[in-house]
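A quick write-up on the structure given underneath.
The values are calculated or read from the model by the stated rules, or taken from the named source; none is laboratory data. Source: prediction; values computed, not measured. Cβ placement follows ideal geometry from the backbone for every residue including glycine, while neighbour counts extend to all protein chains displayed.
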Amino acid sequence: MNLTTAAPTPTAPTAAAPRIPAQPAVDITWNEAFCSEGANCFRFGLDDAGRAYIGSTLTPDAYVSDSVEALRALVRAVKAGAADHLL
């Protein structure tokens, strides 16, 4: 699974702020955001290569990406309670 964030402004890397490589240009088609309790909104998307994405509307340049099958397995596991201990 990949976590992608927007490229930081060019500065010297430090121990507190490691340098994150620039993200590749990807054309993602996002679905309408799924929201609960007001500002907690997530969105799902696909690119032309068939990769799936999950992102937050609060940080539009940060998202998780993987194959459709891997993200489908993640959603099924969450629905089955695999992450309930985090709540």
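Can you find, within the range 37-87, the residue that is surrounded by the most Cβ atoms within 10 Å (Cβ to Cβ) among those that are touching a Phe, Trp or Tyr at 6+ places or on another chain (Cβ under 9 Å) and hydroxyl-bearing (Ser, Thr, Tyr)?
The selected residue is TYR63.
Output the residue which, of all residues in the range 45-87 that are over 16 Å from PHE34 (Cα atoms) and of a type in the set (Ser, Thr, Tyr), is farthest from the chain's Cα centre (by Cα).
SER67
State whether one or more residues within the range 7-26 are closer than 22 Å to SER67 by Cα and modelled with pLDDT of 70 or more.
yes
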